[in-house]
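The values are calculated or read from the model by the stated rules, or taken from the named source; none is laboratory data. These numbers were taken from a predicted model, which means no experiment stands behind them. Methodologically, a virtual Cβ is constructed for each residue, glycine included, from the backbone with ideal geometry; neighbour enumeration extends over all protein chains shown.
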Amino acid sequence: LISQGLVPDLISQGLVPDLISCVTHPWHKETVIPNELPLVQEVTTTLREWASIWRDLYVGDRREMFNSVRDMIYDLIEWRSQILSGTLPQDELTELKQRVTSKIDYGNKALEMEEVELKNESLEMEEELKNRALEMEEEEELKNRFAQTPSFALFVTLKNVVCKIGEDAEVLMSLYDPVESKFISENYLVRWSSQGLVKDIDQLHNLRSVFTDLGSEDLKREKISFVCQIVRVGRMELRDNNTKKLTSGLRRPFGVAVMDVTDIITGKMDDEDKQHFIPFQPCSDLIGYMSYSLFPGLWVTLKLLPGDIHQIRKDFPHLVDRSTAVARKMGFPEIIMPGDVRNDIYVTLVQGEFDKGSKSTPKNVEVTMTVYDEDGKKLENVMFPGAGDEGILEYKSVIYYQIKQPRWFETIKVAIPIEDVNRSHLRFTFRHRSSQESKDKSEKIFALSFVKLMRYDGTTLRDGEHDLIVYKAEAKKLEDSSLYLNVPATKVELEEKGLSTTGKGTHNLGNCTISKDSFQIATLVCSTKLTQNVDLLGLLKWRSNTSLLQQNLRQLMKVEGGEVVKFLQDTLDALFNIMMENSDSDTFDTLVFDSLVFIIGLIADRKFQHFNPVLETYIRKHFSATLAYTKLTKVLKNYVVNAEKLTEQLLKTMKALEYIFKFIVRSRVLFNQFCSFTLVPYCNIFILYYRLLYFHSVI
């Protein structure tokens, strides 16, 4: 029409709107290349498509589908934000991308956007959506339960350390209970340079740490203090003349700063933007040498955050990211979720007493702590002096100048692979350090102490203080682990061998001589894999001696509850493994069932009721015994059939029925994934259950 010149005529006759436009010379085209990831673009496009369909579902009053699409849209919006934040590590980002892709595919099927979809597939999809809604209700209920027993963390930002030291220093921050006189958290370690800046320049303006695992019991503490210790690393004395050849690299005490953070921990004060100034108190030997103006203190910001570390990273990505140091509580959190594997041993150098020997003044004793295996091989990077610092090969203590009875109270975290713990021991060597470099080079190790991490019965070293024996020998002999590993390590072990630790003389024991010097450490084991209870250990390692299996199952029901809940997942796994690996026999079925009832009853107790969500999570995500339902049903049926005999165990079983049925149903559902489904076992057990209820109602 245009080429024939007919359009103007049609317009003049009113047959074509005069708003029509004809483009004879198109504009230059622009190609826009988005900066977003392809997956983010796909999510954005999908959300726009689903939003339109979501409106139609509302208009059509299809409420169930409307609610399901709403939940899927919310999930995609949240996941899109997490991807765009850029704070997720690569493994979590990969997992999240897979979840996003699966959600989009699933949603498209649910909304009938697939090219081919049969009617029966649509019905199955609706059923799946209903199951999803039920799962979401369970997850919401689980979330509410956790809210009743919250976990907290203290977020700390170190703004500046205003302290002219003149040497490199270590700034150690931790939480302390002044009433109980003990530290309750790991150290957060920042290495400070002699120029007055953080040593690692990458950490500049990013000195952040989060003290995690604080629970309701910590909120009840009468007082909690934030303690900062400064240890300078350099020469023996600051007043020494620099022109001399002095020993360097010595760790010497410098000062301490303390702030009461009780109101912040309890939530009475919350101002994350407020900078708190904490003044330093110098060590007594420095007060007369340096003016107090050189010890002003440090500036920090403090904020209480709700949730565990995973929740905090999700809810506060602008505060806590992967670079933020995580200082854990020296002890277990109130809730230990399945999959939270921890294997930390905290070793505290407490105190010692060392004879001056041939010297005219007491020694400047330095303790060097290392970890060795039984073959004498030093384990690398298994000791951590503080969060934010890498693993080290050996730890050197602070040196107190000419002190006969030094008191250190320095804590180091030892994290050894679980498979190596039973072969490892801690070794402590003692050396006099001289301020003069020439004299210091000639000083050798004068004594040694050690302790094995595993006891003779297979349990870990007991928590608490340990008086170690100090052995003296030639320096070369002290380096050979085969010469000392077979002698007693502690005074308790020595007394068990019938030898006395009292008296002025020394005892020869093999190639070593027992010194009259003394050395004391304290240990605390925080492990979800290593127990200090021999009865629980017998169950967890039941395969090593199956002849004691019945005895171990009976002894489990006598173990203290706090120890059982720490190893809840491993204990449940062991019980169901015993049941499944003896599928052809019913020898252990009743004992395993009774043990399961014991654990369920334990968690029902008010003291451990906050572990209910943990048990729920185990059943939903970690339980995998596909044939357990047959044996559980059989034992339960036996109890129901013999209900006329009212026993204590029957009453305990009735109280545990909720979770017994959950295990049975979950096992059957898992089994159903591999073969056809039948309701006969369920019908039988429900008939027996109603029979039992009727029997007791008559009574």
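Looking at the stretch 256-336, what strands (runs of 3 or more DSSP E) fall wholly within it and have at least 2 residues that are at pLDDT 90 or above, closer than 30 Å to Ala522 by Cβ and touching a strand residue (DSSP E or B) at 6+ places or on another chain (Cβ under 9 Å)? So that I can check it myself, show each step before the final result.
On the way: elements: 276-278, 280-282, 297-306, 325-327.
It comes to 297-306, 325-327.
Looking only at the stretch 337-369, which residues are in a loop (DSSP other than H, G, I, E, B), under 22 Å from Thr460 (Cβ atoms) and either of a type in the set (Ser, Thr, Tyr) or touching a Leu at 6+ places or on another chain (Cβ under 8 Å) (or both)?
Pro338, the sole residue that qualifies.
Given the stretch 547-613, what helices (runs of 4 or more DSSP H) lie entirely inside it while holding 3 or more residues that are under 22 Å from the mean Cα position of the chain (by Cα) and modelled with pLDDT of 85 or more?
561-566, 568-581
Being hydroxyl-bearing (Ser, Thr, Tyr), in a strand (DSSP E or B) and in contact with a strand residue (DSSP E or B) (Cβ under 8 Å, 6 or more places away or on another chain), is that true of even one residue in the stretch 474-486?
Scanning the stretch 474-486 turns up no residue that is hydroxyl-bearing (Ser, Thr, Tyr), in a strand (DSSP E or B) and in contact with a strand residue (DSSP E or B) (Cβ under 8 Å, 6 or more places away or on another chain).
Kindly indicate which of Leu1, Leu76, Leu37, Leu57 is modelled with pLDDT of 85 or more and in contact with a helix residue (DSSP H, G or I) (Cβ under 8 Å, 6 or more places away or on another chain).
That would be Leu76, the only listed residue that is modelled with pLDDT of 85 or more and in contact with a helix residue (DSSP H, G or I) (Cβ under 8 Å, 6 or more places away or on another chain).
Only one residue in Tyr176, Tyr188 is touching a Lys or Arg at 6+ places or on another chain (Cβ under 8 Å), modelled with pLDDT of 85 or more and not assigned by TED's automatic domain parsing to the domain that holds Phe409, so which one is that?
None of the others qualify; the one that does is Tyr176.
How many of the residues in the stretch 245-262 are closer than 16 Å to Tyr395 by Cβ and of a type in the set (A, V, I, L, M)?
1
If you go through the stretch 67-97, how many residues are farther than 18 Å from Glu135 by Cβ and not in a loop (DSSP other than H, G, I, E, B)?
At the first step, the residues of the stretch 67-97 found to be farther than 18 Å from Glu135 by Cβ are 77, 80-97.
If we keep only those that are not in a loop (DSSP other than H, G, I, E, B) as well, we get 77, 80-85, 90-97.
Number satisfying all stated conditions: 15.
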